[in-house]
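S.K.: This is the structure, below, for whatever I ask next.
A short reminder: the numbers here are calculations on the coordinates, not readings from a lab. The shown structure was predicted, so the numbers you read here are calculated from the model rather than taken from an experiment. Neighbour counts are summed over all protein chains in view; Cβ atoms, including those assigned to glycine, are modelled from backbone coordinates with ideal geometry.
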Amino acid sequence: MHNLQTLLLDGNCLCSLPVELGSLDSLTYLGLSFNRFSSVPSILEKLRGLERLCLAGNQLSVLDMPGLQWLPARHIDIRLNRLHTVTAGDTEQLVHIVQLDLRDTGLRELDSQRPSPQKHTCAHNDLKQLEVAPVPENLTVADLSWNALCSVPDWLCESGRLEVLDFNHNFLTELPTQLLSSGSLRKLLAGWNNVCRLAERLERSQLEVLDLQHNYLTELPSNLFIKAQSLRYLNVSANKLENLPPASLSEDGFSLLEELYVTNNCLTDKCVPLLTGHSHLRVLHLAYNQLQTFTASKLARLEQLEELDLSGNRLRSVPTTILSCQRLHTLSAHSNGISAFPEVLQLPEIKCVDLSCNELTEVSLPESLPAKLQELDLTGNPRLNLDHKSLELLNNIRCFRVDPSPSAPCASESHGAPSVWSHSYTEASGVKNKLCVAALALDSFCGIREALYGVFDGDKNVDIPYLLQCTMGDVLAEELHRTQRQEDYMTSTFVTMQRKLGTAGQRMGGSAALCHIRHDPVAPGEHSGCFTLKTANVGRCQAVLCRDGKAMQLSTVHTVKEEVEYQRVRKHNAIITEDNKVSGVTDCTRIMGYSFLCPSVTPRPHVSNVTLTPQDEFFLLGSRGLWEMLSPIEAVEAVRNVPDALAAAKKLVTLAQSYGCADSLSAVVVRLSVTEDCCCFCEPPPPPPSPGPGVHTSTHPYHSNDGSIPLPPPSSGTVSELSSELSMSEMSSEVGSTASSEEPPPQAEPAGAHLNLPGRHGARRPAGGGNFQRQFSGALSDNGLDSEDEEPIAGVFSNGSRVEVEADVHCLNGRERPSSQTNLQTNQSGSPSRTVHQEPTQASHSPVPPSSPCLSAEARSGTLGRRARANGSVACQARSQDVIEEAADAPVRKQGGYFNAPAQPDPDDQLIIPPELEEEVRQIIQQQQQEQMQAHNQQAHSYQKPADYFVTPL
């Protein structure tokens, strides 16, 4: 073993090392993390070729600097120890140390005699004082973020080779002029501090990146851009700036600035002419200032502009000179007063346009849309009218959002949706145009007295968020129905959902946050509230409640920095890598998926329960990127005075993007209006009716007028999965799993136990407004409706492709169902079959009962989503589309063995009944129907509802 170069002994119970280890002369990397060492082993002095030493997560309490001088290692990792003191050492003997990692060690101060490595990391401690003598000569990178420093140490300003300095999240009140004018410093991060002012004038600076966001600056140095000619990135968002310094002394000056973020300041129209000197500007964020006009001639000079954000101002129009910005790919101008649609669709590189929450009345479109256009958001424009020709053209966009027309039926008005809460949400793709987040929003989850909201974040994958979005509502509804102890249903939902992820959850994971509003009737004389908000979360998706203007945290992020979680992870011998991730995969110890890390990483959520009061104004749900940029207090203050929920959600996402978030974002804002009247005595709510279109669908069997074998109506949910006793959005009982289910066979239950299950259809597809959806949604098919004069062709999309819906027909031989179980219509046979479901062109749609879970969130808000998703939060859907859209949204299996939802089902995965078995299957189905008819005739029901199905031969 004399040639051994890497030795990993992490995650054991070692407290000492054998003497023979000193004979490994070729050893360069030694991992001793997460053992039981209380001091640095002395045998390491003999390893003269050692370059990297990892002692993270041990029991070191004293950092012995004199002992480190005998170590040949150049990179030393001492994270996650509990250091109390640091003994002094001779710095001349420690010059060989290049990197010393002291993150998360609990240090409050460092001794003045310390080594001078090239990279020094002391982030996430409680340092209040940092004095070093002599001045380190080799230091190039210093990370002092997330500490409690009130001033910049003088020795940092004198360090001649320092290039990167991170002071984010401290308590600095000023930045020395000497630091800003350093000849070596290239990158300075000093955001989230208390800096009130900078020097009026600077000396020559070599800064290329300067981040001063979230301070209290009212002005910048007047010669900042003149002296810092190498400056390429400047972020001064969330300050109190009223103006910007000039780019140069003359209009012909030279500036290399490429990215400028000045969102959430007090800038006026005076700053616009000062921007023209930055001819290389590619990204410009001016959101949430006080701009009223943007001079057309000034915008024409920004020819290199690629991304422009003017949201949250008082603009009435976007200048036509925007056509000069031929490289522009993103324009965001929501929450203004824009009444004329800009000519931005004539730009060749345009990809994303957001003009929501404005005053648009019409849209002027070119003859053909740009080839790269992917997103167009026109929601929140109540006076916007689009003709049929414009709609046909806009339907080709991958993501097209628009409000329903005023003539479209409003589900909230028709069915008496609650006025206690209302919501809106928004999503934004990351820099790579990948949408790795999803939102779930149901204003009527189990009738009109309950609601369900959720946010899911897959970090870098798109599969897990969509699987959670499509299925978690159904799982929660089933757990509510099944769980005897009401306080356990949230935990059971997450644990069950982990199993349902199947293969997809083995190697991928995602964060999730759910908020469930429940109605609990109170008796006369009691003063407790009748609505409770139960929140559960795993990962970094979080929820915050605004109560009386103050932020109230509803969720918790579990990481290895918590002592309890750290001990639990260490109990299972998991390794925490240098980036504080369990086995190098995730920094959260509780998250959905990643089942190969179990039991170190579990899906068991943090659950909180709050009784809603009249003092509760709203609550927020956000994805990981949102809470990395905004604190709960800042998020609540940002949207508290924004009355419109959509504009509030848009503001949160825009702020996070301007503050530096480059990942996918999702925000849900739920406005509350809990009054004393709704907290008085309430009658217990009736049991939720069947999600079918008629009141007798769940108790009467299906009939056929011509005597042929009848099929159940699509609203019963039995066409897409005729024998499924677990809904899961009509997908398989183990979503994403390629193996057979390990669950025991389902037992017989009382009549209506599943079709009456709360939230069954509401989590899958909204109800009502089918014509509007076919007309407006570019991500959905129009079922063959190509023009106003043509009749829809049942089962055929506009592109002419045939839609086939899988029907699982199995296991019916010799099994009799109780006569009371007439609502569970299951076809059973030895092999599955395919059917094409066609709706009559003049079918009569019965109104959905007020408490039906079919009423989705967006059926009331009328906002189209990114694409057709099976979460009930996209747009109104007609009953005639349920089956076809169900097949379109069902996850399909990739060759890699996991699922990707939503997508079209693979025709190769569908099974076809051989012709010789069709007659046998037909006889089995007919026999079962006759048995159900006999059972039904014994009941005292005189009303026979006409059949609303269309017979299709097998």
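S.K.: Please compute the length gained on full extension between LEU14 and GLU242, using 0.36 nm multiplied by the number of residues separating them and subtracting their Cα-Cα distance.
M.R.: 76.1 nm
S.K.: Taking H as built 1.01 Å from N, whose amide H comes closer than 5 Å to the amide H of GLY380, not counting residues under 5 places away?
M.R.: Excluding prolines and chain starts, which carry no amide H, the hits are CYS357, ASP403.
S.K.: Taking H as built 1.01 Å from N, whose amide H comes closer than 5 Å to the amide H of LEU14, not counting residues under 5 places away?
M.R.: ARG36
S.K.: Once amide H atoms are placed 1.01 Å from N in the peptide plane, what residues at a sequence separation of 5 or more from ALA667, or on another chain, have their amide H within under 5 Å of its amide H?
M.R.: Close amide H contacts, sequence-distant or interchain: THR426.
S.K.: Beyond 18 Å, how much of the Cα-Cα pair distribution for region 542-666 remains, as a whole percent?
M.R.: 60 percent
S.K.: Can you find, among SER317, VAL344, VAL363, the residue sitting farthest towards the positive end of the charge dipole of region 258-372, where Lys and Arg contribute +1 and Asp and Glu -1 at Cβ?
M.R.: With unit charges placed on the Cβ atoms, the residue in question is SER317.
S.K.: Moving on. Please report, in debye to the nearest 20, how large the charge dipole of region 288-367 is about its Cα centre when each Lys and Arg carries +1 at its beta carbon and each Asp and Glu carries -1 there.
M.R.: 300 debye
S.K.: Per-residue counts of other Cβ atoms within 10 Å, averaged by peptide: what ranking do you get for 367-378, 536-547, 443-454, 227-238, highest first?
M.R.: 443-454, 536-547, 227-238, 367-378
S.K.: For ILE633 and SER368, what is the calculated FRET efficiency with R₀ set at 56 Å and r taken between the beta-carbons, to the nearest 0.05?
M.R.: 0.70
S.K.: Quote to one decimal, in nm, the extra length available between ASP579 and ALA340 on full extension: 0.36 nm per residue of separation minus the C-alpha distance between them.
M.R.: Fully extending the segment from ASP579 to ALA340 adds 81.1 nm.
S.K.: Another question, then. Work out, step by step, the length gained on full extension between SER317 and GLN930: first 0.36 nm times the residue separation, then minus their alpha carbon distance; give nm to one decimal.
M.R.: This chain segment gains 213.9 nm when fully extended.
S.K.: Holding the Cα-Cα limit at 22 Å, pick out from LYS460/LYS534; LYS351/LYS432; LYS434/LYS650; LYS240/LYS270 the pairs that are longer than that.
M.R.: Checking Cα-Cα distances, LYS460/LYS534 exceed 22 Å.
S.K.: Set the Förster radius R0 to 41 Å, insert the Cβ-Cβ distance between ARG161 and GLU359 as r into 1/(1 + (r/R0)^6), and round the FRET efficiency to 0.05.
M.R.: The pair ARG161/GLU359 has a calculated efficiency of 0.15.
S.K.: I need the phi-derived Karplus couplings for region 328-344: 6.51 cos²θ - 1.76 cosθ + 1.60, θ = phi - 60°, integer Hz, Gly and Pro marked x.
M.R.: Once rounded to whole Hz, the list reads 5, 10, 9, 10, 10, 9, 6, 6, 10, x, 5, 10, 10, 5, x, 8, 6.
S.K.: Given labels modelled 7 Å from the Cα in the Cβ direction, how far is it in nm from LYS187 to GLU109?
M.R.: Label-label distance for LYS187 and GLU109, simple model: 3.2 nm.
S.K.: While we're looking at this one, here's another question. What's the FRET efficiency of SER61 with LEU4 using the Cβ-Cβ distance as r and R₀ = 22 Å, to the nearest 0.05?
M.R.: Here the calculated transfer efficiency is 0.10.
S.K.: Hey, can you rank 215-224, 501-510 by average C-beta count inside 10 Å, highest first?
M.R.: 501-510, 215-224
S.K.: Cut-off 17 Å, label point 7 angstrom out along Cα-to-Cβ of ASN641: give me the residues of region 268-302 whose amide nitrogen falls inside.
M.R.: 268, 288-291
S.K.: Give the residue from GLY539, GLN553, ILE576 lying farthest towards the positive end of the charge dipole for region 525-669; charges sit on Cβ (+1 for Lys and Arg, -1 for Asp and Glu) and the dipole is referred to the Cα centre.
M.R.: ILE576
S.K.: Label point 7 Å out from GLN553 along Cα-to-Cβ: which residues of region 577-598 have amide N under 16 Å?
M.R.: 588-590
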